[in-house]
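Since the structure comes first, as structure tokens, the remarks are kept for the end.
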């Protein structure tokens, strides 16, 4: 168990700083998905309380579950240095965009657009992040 924790610590330490944050957020995505499917007394949709039925009938429950699952999968991929993890991470934003068009929230489209563009730059252009993902490809050759 100690070796496993040390291995995880060393892998996370290899990651560029912001990628560590993305990794932690991604791994926590499983809780996002779980809390979406577990019936709780009330949920919030656009600041309004909603029942479990309203949560799912509005489409927000499905979007939240999908985002949580995609984030968790991307967290595993980030940890394993898989390039596809970049795409799964960004696809969670695509779902956010789509659900925002279904349930528009003031200002969220702008914020999501800015954040997505920043993440595209960071994941695909930033040299330290590219090197992190390339280091796995080099060890597999």
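Just so you know, all these numbers are worked out from the coordinates, no wet-lab data involved. It should be emphasised that the depicted structure is a prediction, and the values quoted were computed from it without experimental measurement.
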query = How far is helix 127-140 tilted off the main Cα axis of the chain, in degrees rounded to 10, range 0 to 90?
reply = 60 degrees
query = What residue among 73, 45, 30 has the largest mean-square fluctuation in a Gaussian network model of the chain, using Cα springs under 10 Å?
reply = 45
request  = Starting from the Cα gyration tensor of the chain, multiply each eigenvalue by 5, take the square root, and state the resulting semi-axes largest first in whole Å.
outcome  = 31, 19, 11
key: Degrees separating the helix 108-124 axis from the principal Cα axis of the chain, which is the longest one   = 10 degrees
key: Helix-only CD estimate at 222 nm, as mean residue ellipticity for the chain, using -39500 (n - 2.57) per DSSP H run (n ≥ 4)   = -26000 deg cm²/dmol
inquiry  = Need the full-extension length gain, residue 80 to residue 11, defined as separation in residues times 0.36 nm minus the C-alpha distance. One decimal, nm.
reply    = 24.0 nm
task = Among 59, 75, 29, determine the one that fluctuates most according to a GNM of the chain built with springs between C-alpha atoms less than 10 Å apart.
result = 59
key: Average Cα contact separation per residue, the chain, under 8 Å, 6 or more apart, as relative contact order %   = 24 percent
key: Using alpha-carbon coordinates, inclination of helix 17-37 to the longest axis of the chain, degrees   = 40 degrees
task = Multiply the residue separation of residue 111 and residue 135 by 0.36 nm, subtract the distance between their alpha-carbon atoms, and state the gained length in nm to one decimal.
result = 5.4 nm
